[in-house]
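Right, one structure below, let's go through it.
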Amino acid sequence: MKKIVTFGEIMLRLSTPGFKRFMQSQSFDVNFGGGEANVAVALANFGMNAYFVSKLPKHEIGQSAVNELRRFGVRTDYIVRGGERVGIYFLETGASQRASKVVYDRAHSAVSEMTAEEVDWAAVFDGADWFHWTGITPALGESARASVKAACEAAKAAGATISCDLNFRKKLWTEKEAQSFMQPLMQHVDVCIANEEDAEKSLGLKAGKSDVESAELEEESYFEVAKALKKQYGFRAVAITLRESFSASRNGWSALLLDDRDCSTPVRSRRYDVQIVDRVGGGDSFASGLIYGLLNKENTRDALEFAVAASCLKQTIPGDLNLVSVDEVEKLAQGGGSGRVER
């Protein structure tokens, strides 16, 4: 079984019930989530040997986060215990023309103040086949950036394939800060994952003919971005998710993949018209599906269709986590999407 390692922050998610606004709510629904943790959970659900590396306090909330990971089969052997805080994010789920809102309360969280020396990276990557990280973790501060850099160097030394979801978060750092850190670290990355804006915000490459705000995405522009990323950084594969946001409740969802294995031009996936239940974790579910697909599928098309179908299903599930099986993803990827009751 392939050993896959992810590194990042798992947070306490406090979301308003239903579609209530923050000012209306007298209670919150409580879950856990975070980019790299979401990827690990999905891969564990797919039957992979998934490890999550982080730092969490020794108190009951920290232990609850560890227990949540273990509940879904994620290995927690390398989670460092200590620090004072579990990061929190508050979510108000939008509907129709009202956008969802996220408020972060993650300053001074345990993982943001963790030093690179607290983790035995050589042990973490002993026998590892794949390492996944995102642009969210280095945005947490200088200590987190040093840890990400150390992890990438150790993973590369161990011979693991490295994937990075650029995942730019404007509430955590500026474009200038992101590009200053992310661009040099791309030398370690084999598989680059981005959405319709990330390549511009994190690496400075813009899709010229597209307008994200109006849901107008020009396919050829993103083909050119994928080719430019691959040429500039030497990635083995580049994947770009394409979200057409008609409203908070309805999105078009597809992706493209440029892969060394069997194509010289990007492949575009099937497009799904998704009635959104919870779009948080949509990109993470795509990343986990892509990792699974690249490790287990014979060609680029099948790997991409698995990833997009997995992510489509996630957006019908409340919470951060993609709680679906390989069989469910395969059924959708192969054309089954009627939503009929299965008896």
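Nothing in this text is a laboratory measurement; each read-out follows from the coordinates by a stated rule. Because the structure is a prediction, the values reported are computed rather than measured. Virtual Cβ from ideal backbone geometry, glycine too; neighbours counted across all protein chains shown.
Are there chymotrypsin sites (Phe, Trp or Tyr not before Pro) in the stretch 183-285 that DSSP puts in a loop and that have at most 16 other Cβ atoms within 10 Å, and which ones?
Phe246
Of the trypsin sites (Lys or Arg not before Pro) in the stretch 1-86, which ones lie in a loop per DSSP and count no more than 15 other C-beta atoms within 10 Å?
In loop regions of the stretch 1-86 (DSSP not H, G, I, E or B), the sparsely surrounded trypsin sites (Lys or Arg not before Pro) are Lys20, Arg21, Lys58.
With a bin width of 20 angstrom, please list the P(r) values of the chain as percents of all Cα-Cα pairs, from the 0 bin to the one holding the largest distance.
Distribution as computed: 32, 62, 6 percent.
Search the structure for amide H atoms under 5 Å from the amide H of Phe32, placed 1.01 Å from N in the peptide plane, and list their residues when 5 or more places away or on another chain.
Result for Phe32 returns Arg13.
Where in the chain lies the longest segment free of GluC sites (Glu not before Pro) that are both loop residues by DSSP (not H, G, I, E, B) and have at most 15 other Cβ atoms within 10 Å?
That gives 85-212 as the longest site-free run.
Quick one: what are the phi-derived ³J(HN,Hα) couplings along the stretch 254-259, Karplus 6.51/-1.76/1.60 with θ = phi - 60°, whole Hz, x for glycine and proline?
For the stretch 254-259, the Karplus curve yields 7, 7, 10, 9, 10, 10 Hz.
With the crude spin-label approximation of a point 7 Å out along Cα→Cβ, what separation in nm comes out for Ala99 versus Asn299?
The two pseudo-label positions are separated by 4.0 nm.
Give me the lysines in straight-line cross-link reach of Lys297: C-alpha distance below 29 Å, same-chain residues under 8 apart excluded.
Lys2, Lys3, Lys156, Lys227, Lys230, Lys231, Lys314, Lys331
Using a Gaussian network model of the chain with C-alpha springs under 10 Å, which one of Met48, Met182, Met23 is most mobile by mean-square fluctuation?
Its mean-square fluctuation being the largest, the pick is Met23.
Mind listing the phi-derived Karplus ³J(HN,Hα) values for the stretch 51-56, rounded to whole Hz, using 6.51, -1.76 and 1.60 with θ = phi - 60°, and x for any glycine or proline?
With coefficients 6.51, -1.76 and 1.60, one gets 10, 10, 10, 6, 9, 9 Hz.
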